[in-house]
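Each reported figure results from applying straightforward, stated rules to the coordinates on display, with no laboratory input. All values reported here derive from a predicted model rather than from experimental measurement. Cβ: placed from backbone, ideal geometry, glycine included. Neighbour counts: every protein chain shown.
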């Protein structure tokens, strides 16, 4: 079965409202669907778009082909990028501008983690050194009490 992810119109005249549906490609536009994974209302000021991202990624993984409109809506929501990265790895390649930005960010985070580890090691090393110094002070009052 050839599966498509496409829009099915359910709105009234001059008030479009679409369901994002997974359907057999041989069925009619508003015909039988396999699953509804969201909805889209283009005339709203905020351009209402709700998609069940997990199901969309599942169907893309199963080989469902998105229509051109659905592909652009998925790109807007970042679903196509997530699908591509899950299949082929990160899309940023060496030599690309963002590659160096991401690499620099990763380097900075690694340096911060190393500094934090050094601080905790230093604090741990100082803590035992401070503890023996406190122990003789605690023993001194006990010795004075037994002497009296």
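Values computed for the structure shown
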read-out: Whether region 3-88 is rounded, prolate or oblate, judged on the alpha carbon gyration tensor where a/c under 1.5 counts as rounded; value: oblate
read-out: Span per principal axis, largest first, for the Cα atoms of region 47-87 (Å); value: 29, 16, 15
read-out: Extension gain from residue 127 to residue 55, taking 0.36 nm per residue of separation minus the Cα-Cα distance; value: 20.7 nm
read-out: Per-pair calculated FRET efficiency, R0 = 25 Å: residue 69 and residue 34 via Cβ, rounded to 0.05; value: 0.85
